[in-house]
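Readers should treat all values here as calculations from the given coordinates under stated rules, not as data from a laboratory. The structure displayed is predicted, hence computed values, not measured ones. Ideal geometry is used to build each Cβ from the backbone, glycine not excepted, and the neighbour counts take in all protein chains shown.
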Amino acid sequence: MSMIEFLKRVRNYFFPKLASTDTNTEKMINLILFGPPGSGKGTQAVKLVEKYDLLHISTGDLFRYEIGNNTPLGLEAKSYMNKGELVPDEVTIGMLENKVNANPDVNGYIFDGFPRTENQAEALDKFLASKGEEVTALIALDVDDDEIVKRLLERGKTSGRKDDSNEEVIRKRIKVYNDTTAVVYNYYDEKEKSQRIAGKGTIEEIFGRISESISKLNV
Ligand code: AMP
């Protein structure tokens with residue numbers, strides 16, 4: 001326990017009313033890991049969780065969990081996912097908020113695959129603001145289209161994901177990313193929160209670049 005934490009506990013013991021003044025003095029680190037499908041977000045998120053002790057929330061994983069359990073939400077999501085289309089915002093935003101609400105005692109969140117529309121970005125900002133929190137930064141992994149197709153087809157051999165094994169669906173997902181999702185980068189860029197990282201190289205090289213850009217954040 002740090003000295004400051006110890007002193008706070010002593011103070012809170014003798015003056016419990018003052019304890020409430022601590023709320024939100026320590027800001028969370030809330031990162032959006034951004035980039036096209038297959039850009040390495042999931043791989044990098046695992047490493048970021050280890051280093052910064054954040055909760056990784058992947059909306060794609062949440063949907064796949066629901067599909068695996070044959071829930072009504074899963075059944076609805078599946079029809080969109082198998083075609084490479086986005087699941088409607090209302091469904092996705094509600095699911096994301098439930099996951100955050102169920103895990104309040106964390107140092108922060110890594111949002112992976114969310115937000116994917118400007119509407120989702122606005123909803124996320126509002127939702128976090130209602131908790132006295134905000135998005136700290138958006139980190140975008142830059143990878144070109146041909147490399148993505150190659151990586152996803154390779155991943156499809158073992159991932160068991162239908163949307164990874166069909167080139168047409170993969171191209172559709174890239175198109176959706178370019179047409180609908182890429183604007184989320186600009187949305188946070190206007191708030192001076194977006195950073196672009198070269199997504200080429202080894203996992204460690206890319207992680208090194210991400211860590212460097214996080215170290216420059218004011219957190
Ligand atoms: P991912 O695992 O992030 O590649 O997501 C797989 C699929 O899940 C996407 O192609 C979408 O169909 C769906 N999905 C994941 N996240 C979202 C989101 N934020 N908004 C809408 N659909 C999503």
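For the reader, a short list of remarks on this structure follows.
- Taking Cα centre as origin and charging only the Cβ of basic (Lys, Arg, +1) and acidic (Asp, Glu, -1) residues, the dipole magnitude of segment 58-104 rounds to 180 debye.
- Summary value for segment 58-104: 25 percent relative contact order, contacts being C-alpha pairs under 8 angstrom separated by 6+ residues.
- P(r), alpha carbons of segment 114-219 - 5 Å bins starting at zero, rounded %: 2, 11, 16, 18, 19, 17, 11, 5, 1
- Modelled label positions at residue 179 and residue 50, each set 7 Å beyond Cα in the direction of Cβ, lie 3.9 nm from each other.
- Value at 222 nm in deg cm²/dmol, rounded to 500, when DSSP H runs of n ≥ 4 in the chain each add -39,500 (n - 2.57): -16000 deg cm²/dmol
- Each Cα pair under 8 Å and six or more residues apart adds its separation to the average, and for the chain the resulting relative contact order is 28 percent.
- Over segment 58-104, equivalent-ellipsoid semi-axes from the Cα gyration tensor in Å: 18, 12, 9
- Between residue 102 and residue 43, the contour length at 0.36 nm per residue exceeds the Cα-Cα span by 18.9 nm.
- Its Kirkwood hydrodynamic radius, worked out from the mean inverse distance over all distinct Cα pairs, puts the chain at 18.7 Å.
- Extension gain (nm, one decimal) between residue 142 and residue 205, 0.36 nm per residue minus Cα-Cα: 21.3 nm
- For the chain, with +1 on Lys and Arg beta carbons and -1 on Asp and Glu, the positive-most of 117, 132, 181 along the dipole: 132
- Peptides 112-120, 160-168, 206-214 ranked from most to least packed, by the mean per-residue count of other Cβ atoms within 10 Å: 112-120, 206-214, 160-168.
- For the peptides 178-184, 91-97, the ranking by packing is 91-97, 178-184, with the highest mean count of neighbouring Cβ atoms within 10 Å listed first.
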